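Step one of this worksheet: look at the structure below.
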Amino acid sequence: MAENILYYGDNLDILRRYIKDETIDLIYLDPPFNSNQDYNTFFKERNGSRSAAQIKAFEDTWRWDEASAKTYHEIVESGPARVSQVMQAFNTFLGGSDMLAYL
């Protein structure tokens with residue numbers, strides 16, 4: 001049996017860097033969607049009480065920027081035809097906006 005590995009990071013980057021093509025059947029994520037909030041992880045003291053220490057776990061805020069524009073163009077140019085068409089339709093409707101970055 002293969003070793004279980006937990007990857008931490010942006011799923012697209014992780015898939016491109018570490019996972020061979022056509023080896024994933026399903027990825028399921030159930031995060032908040034476009035909540036426009038930062039989510040933090042709080043630590044506990046040794047006695048179990050809540051610590052003031054925390055780190056940002058993830059940011060659920062989407063911005064149309066250079067990275068999202070690059071991803072959009074990759075999807076349009078290399079993605080499945082129907083996905084490409086849908087993304088182009090969203091771009092026609094929404095333009096280069098934070099909502100398009102989210103989608």
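Throughout, read-outs are computed from the coordinates displayed, never taken from laboratory work. Given the structure is predicted, the values throughout are model-derived calculations rather than measurements. All Cβ positions, even for glycine, are placed from backbone atoms using ideal geometry, and neighbour counts span all protein chains on display.
Measure off 7 Å from each Cα along the Cα-to-Cβ vector at ASP98 and LYS70, then give the distance between these two points in nanometres to one decimal. Label-label distance for ASP98 and LYS70, simple model: 2.2 nm.
Using a/c under 1.5 as the rounded threshold, could you call the stretch 62-103 rounded, prolate or oblate? The axes a ≥ b ≥ c are square roots of the C-alpha gyration tensor eigenvalues, and prolate needs a/b larger than b/c, oblate otherwise. Because a/c hits 1.5 or more and a/b fails to exceed b/c, the stretch 62-103 counts as oblate.
For the pair SER84 and LYS20 in one chain, pulling the backbone fully straight at 0.36 nm per residue adds 20.8 nm over the alpha carbon distance.
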